[in-house]
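Notes to accompany the following structure.
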Amino acid sequence: MEMIIPQEEKKALYPVAIFKEGWHLCFKNLKSFIGPYLVIYIPIFLLALIQMGTVRSNKPDFMQLLMGLANIILSGWGSVVIINIAKKISGGEICDFSASFKNSGKHLLSYLGASAIVLLVLSAIILCAVALSIFAGHIFWKANMVLTFLLICVFVVAAVSGVVYFSVRWGLYGILCVTEEASPIKSLKRSFRLVQNFVTAFVGDVGLLILTAFVFLIPMVIIAFVVNDKMVINFISLFYNMAVKLLLTPLWSLVFIGFYKKAGECIPETKE
């Protein structure tokens with residue numbers, strides 16, 4: 001007689017519980033993020049002020065390009081440092097100021113490399129859709145406008161689906177570059193593997209984070225309706241965004257690390 005051994009049930013992840021835990025850790029340990037955050041984001045704030053006060057021309061400006069590059073590097077470094085603090089806090093460790101920046105340079109290279117790969121892949125998907133749409137317009141428009149419109153709709157839907165598909169499954173690459181010291185390629189592969197079995201839970205957590213960001217956006221929307229001066233609105237927006245990001249950036253990192261840990265318990269890392 002053949003015995004059938006029941007398979008272990010797949011563990012479920014609960015996005016609301018993960019979000020609540022991240023929210024609790026964020027408020028409880030917010031002071032650990034303040035110092036490192038200000039060190040990195042004050043220069044970003046100053047760069048934004050300089051760009052806001054600079055008269056821009058239509059011609060390529062080397063100084064603007066340089067400031068844009070500095071902004072990208074500082075923002076990436078800030079993400080890496082905040083993730084590193086969140087990692088330690090999530091593990092129950094005490095994170096002082098100097099520990100926040102430990103190995104941040106090495107992690108930054110992996111983070112920027114993975115970000116570049118993601119940007120290239122998503123851009124390639126969009127460019128393919130645009131190229132195919134233009135090609136269909138040139139070839140079929142005069143012969144059959146309805147068919148052309150349908151083809152363009154198919155290309156747009158396929159592009160949007162592709163962008164969403166990879167954006168979701170690669171959503172943990174920044175966390176993995178820091179927590180597992182993974183290379184750009186390995187972080188993308190590992191993120192894909194962790195998220196693919198818990199897509200609904202991951203999207204749920206992202207949705208809750210976006211909803212939180214939207215709630216914090218409401219005061220700026222009200223200010224935009226009340227204040228008529230565009231320069232004043234931009235100036236207030238810079239200060240407000242910097243203050244809000246002090247909460248949202250750690251919250252985002254803590255929620256993603258919480259998801260990473262829960263998913264990792266179900267799908268342990270394998271040697272490649």
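Taken together, the values in this text are just the output of simple stated rules run on the coordinates, not laboratory data. In this text the structure is predicted, and so the values were computed from the model without any measurement. Neighbour counts run over all protein chains shown; Cβ positions are idealised from the backbone, glycine included.
Can you pull out the trypsin sites (Lys or Arg not before Pro) in segment 186-272 whose DSSP state is coil and whose Cβ has at most 10 other Cβ atoms within 10 Å?
Details: sites: K186, K189, R190, R193, K230, K245, K261, K262, K271; in loops: K271.
Sparse-neighbourhood loop trypsin sites (Lys or Arg not before Pro): K271.
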In this model, which of K20/K106; K31/K189; K28/K245; K11/K186; K11/K106 are farther than 27 Å apart at the alpha-carbon? K20/K106; K31/K189; K11/K106
Which parts of segment 15-41 would a label at S98 reach, counting a residue when its backbone N lies under 16 Å from a point 7 Å out along Cα-to-Cβ? 36
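At 24 angstrom or more along the helix axis (alpha-carbon based) and mean Kyte-Doolittle of 1.6 or higher, what helices does the chain contain? Whole DSSP H runs only.
TM-like helix candidates: 30-53, 104-140, 145-169, 199-226.
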Kindly rank 198-209, 61-72 from highest to lowest mean number of other beta carbons found within 10 Å of each residue. 198-209, 61-72
How many nm separate the modelled label positions at Q51 and K189, each set 7 Å beyond the Cα in the direction of the Cβ? 3.5 nm
Residue list for segment 30-49, given a label point 7 angstrom along the Cα-to-Cβ vector of Q64 and an amide N cut-off under 15 Å: 48-49
Once both labels are modelled 7 Å past Cα along the beta-carbon direction, what's the V154-I34 spacing in nm? 5.9 nm
Would you give the gap between the C-alpha center of segment 185-259 and the C-alpha center of segment 94-166, rounded to a whole Å? 20 Å
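Given the rule -39500 (n - 2.57) for each run of at least 4 DSSP H residues, summed and divided by the residues of the chain, what is its mean residue ellipticity at 222 nm, to the nearest 500 deg cm²/dmol?
Numbers: 10 runs with 218 residues, N = 272.
It comes out at -28000 deg cm²/dmol, rounded to the nearest 500.
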Could you tell me, in Å, what Rg and Dmax come out for the Cα atoms of the chain? 22.2, 83
